[in-house]
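Written out below as structure tokens is the structure these notes cover.
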Amino acid sequence: MRGRTLSAAIALTVFAGMTVTLAAQPVSASPSAPTTAARPIAASAAVLAAPDISVTNVQAHLTQLNSIASSNGGNRRAGSAGYTASVSYVKSKLQAAGYTVSEQTCSSCTYPSNNLIAEWPGGPTDQVVMFGAHLDSVSAGPGINDNGSGSATLLENALVLAAQNPTMTKKVRFAWWTDEEQGLNGSRFYVNSLSATQRGYIKGYYNFDMVGSTNGGYFINRVTSTTAAPLKAYWDSLGLQPEENVEGQGRSDDYYFQQAGIPTSGYAAGASARKTSAQAAKWGGTANAAYDSCYHRSCDTTANVSATVLNRAADGVAYALWQLAVGGGTPTNDFSVAVSPTTRTVARGASTTATVTTATTAGSAQSVSLSASGAPSGVSVSFSPSSVTSGGSATMTLSASASAATGTFTITVTGTGSVTRTASLTLTVTGTGGCSGGQVIGNGGFESGSTPWTASSGVITNSSSQPARTGSYKAWLDGYGSTRTDTLSQSVTVPAGCASYTLSFWLHIDTAETTGSTAYDKLTVQVGSTTLATYSNLNAASGYVQRTFNVAGFAGQTVTLKFTGTEDSSLQTSFVIDDVTLQAS
């Protein structure tokens, strides 16, 4: 049934099966002093930026959901007291912010219970953008990543939208679903309750299920679709290279919307599937381990959420919401800030570095001044350069004095331009200092067998077909003339407190490829999640060439040095490596 006028100030669309509860909204209010529940007053949206969602506030909602579970048998399963209390918590926050809030009883659910629907006043009723997350957990645990993370992300975005109070070009509707864990029952009931006309009003449904996994990836539902474009644009601006959410296909609440012909997308960070080596290389984390090791378990508590992954999802939701439904879209100029890597260890008397990257996310590039806060006593932070044009990067140096405070600290990096954007780095200061120095790589000439290397079969060899540079053995990746991937890696601990750190290896590239322009076969060199260089058949040469890199940024860390060779289906390329060293002095 279409919305009907309830008073001069209130209009509500009521769908079949809903029990409607309205926030107290005055019929008239002074535009200069609106109450928190008043209908929004028009703002100049053209100058409004997509807001920076506070991950601290999102985490505070997760703490409340965890506490609710702890007080109600350890879970928030649909139909349980824990779920009912979760609905009450979210509902009270939304009503206080001025939302039109309704509960819809899902009578066909395995555990009959309520969906929670909230609409922000403003925007045409026949142009709806919908954001949803399931609020229930499994009975085994409190469900803080699955799916408190999605629920809390949407709640904080809803509250920030209310606080910003912009002009709306579309109606924004938020939903928290029940009984998802029993088979997507709450969202199915809702979709089935809509008429064909009401379904047609929904121009896009965005689903957020598990957006804080501790070993998480960056996945988008239907990543190449037009509907996904704003979600992807934000993560692209952070250089995250998101992938299709293959694991989640058909397993969350977007499914029945999609089946009803409603365009869908959404974020996810992964569940029980395992992170691949390629994903670990570009996103960090642990390869061949589950994205969420506590999936559907009692350990899915507030400790089972990555603040970094959660923060990127929350800000991406805001970016998409502003792009899709706020008058004027994003402002003329906006930018993002990121730090890589996000963790660093430094000894007293030593220093370490990280890279601060910026990106223009809307409008034109602008000047961004960089600063840092949160450094402990005895630690100084500097940037080179101290100001960049958005899209540029700077090196952040963290230097610890001989008497610096030890422990683990959060350093907040702030970029200041027409708006302010932040990123964080976790810094650990240890009490040891000095440089142990020397060669860090073990068995760099491959003459002592495979230890401590981990290599594909046949890579470490004394075959005379490709001679070693020195001695008899070397590492020979690819060279088969058929589709193949070979790897060679070693975990190394880079000492802290040294003045220089030089990674060196000798590389011979031999190829049968005849092209002078196409890289068919490639060798990638990585330290941790950082790619140092990529070589290909285009770099072929008659002998060994020494390759050298400054790896001072990894001082004080244990990282993996990895070579990955990939070869296509025809015409061999051999990548032959010998005499690998990492000298610290």
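Quick look at the values:
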{"quantity": "Residue selected from region 131-184 under the condition among the β-branched types (V, I, T) and part of a loop (DSSP other than H, G, I, E, B), by the criterion nearest to S71 (Cα to Cα)", "calculated": "V138"}
{"quantity": "Single condition W453 does not satisfy, out of (1) open to solvent by less than 60 Å² (accessible area, probe 1.4 Å); (2) modelled with pLDDT under 95; (3) within 35 Å of the chain's Cα centre (by Cα)", "calculated": "(2)"}
{"quantity": "Residue identified as buried (at least 20 other Cβ atoms within 10 Å of the Cβ) and under 29 Å from T105 (Cα atoms) among T178, T197", "calculated": "T178"}
{"quantity": "Conditions (1) farther than 25 Å from F219 by Cα; (2) of a type outside the set (K, R); (3) open to solvent by less than 20 Å² (accessible area, probe 1.4 Å); number of the one not met by T84", "calculated": "(3)"}
{"quantity": "Complete set of residues in region 483-494 that are open to solvent by 30 Å² or more (accessible area, probe 1.4 Å) and either within 18 Å of G445 (Cα to Cα) or at pLDDT 95 or above (or both)", "calculated": "T483, R484, T485, T487, S491"}
{"quantity": "Lone qualifier among R469, R484, R421 - being under 17 Å from V339 (Cβ atoms) and charged (D, E, K, R)", "calculated": "R421"}
{"quantity": "Filter result for the condition that a residue is within 20 Å of N145 (Cα to Cα), modelled with pLDDT of 95 or more and either in a loop (DSSP other than H, G, I, E, B) or open to solvent by 20 Å² or more (accessible area, probe 1.4 Å) (or both), over S213, S187", "calculated": "S213"}
{"quantity": "Some residue of region 367-384 being under 30 Å from L231 (Cβ atoms), buried (at least 17 other Cβ atoms within 10 Å of the Cβ), among the hydroxyl-bearing types (S, T, Y) and out of contact with any Pro (no Cβ under 6 Å at 6 or more places or on another chain)", "calculated": "no"}
{"quantity": "Sole exception among (1) assigned to a strand (DSSP E or B); (2) in contact with an Asp or Glu (Cβ under 8 Å, 6 or more places away or on another chain); (3) not acidic (D, E) for G444, by number", "calculated": "(1)"}
{"quantity": "When residues of region 345-365 are limited to those that are over 19 Å from F383 (Cα atoms) and of a type in the set (A, V, I, L, M, F, W, C), the one surrounded by the fewest Cβ atoms within 10 Å (Cβ to Cβ)", "calculated": "A365"}
{"quantity": "Residue satisfying condition, being open to solvent by less than 30 Å² (accessible area, probe 1.4 Å) and modelled with pLDDT under 50, within set A38, A24", "calculated": "A38"}
{"quantity": "Test result for G261, within 11 Å of the chain's Cα centre (by Cα) and surrounded by fewer than 16 Cβ atoms within 10 Å (Cβ to Cβ)", "calculated": "no"}
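Conditions tested, residue by residue: (1) assigned to a loop (DSSP other than H, G, I, E, B); (2) more than 27 Å from the chain's Cα centre (by Cα).
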residue	(1), (2)
A499	yes, yes
W506	no, yes
L538	no, yes
Q546	no, yes
F563	no, no
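A quick yes/no check of all residues on (1) within 18 Å of T461 (Cα to Cα); (2) surrounded by 19 or more Cβ atoms within 10 Å (Cβ to Cβ):
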position	(1), (2)
D478	yes, yes
A496	no, yes
L507	yes, yes
T530	no, no
L538	no, no
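The values are calculated or read from the model by the stated rules, or taken from the named source; none is laboratory data. Model, not experiment: these values are computed from the prediction. Quick reminder, even Gly has a Cβ in these numbers, built from the backbone with ideal geometry, and neighbours come from all protein chains shown. Surface accessibility is based on the protein's heavy atoms, side chains included, excluding ligands, DNA and RNA. Shrake-Rupley method; radii C 1.70, N 1.55, O 1.52, S 1.80 Å.
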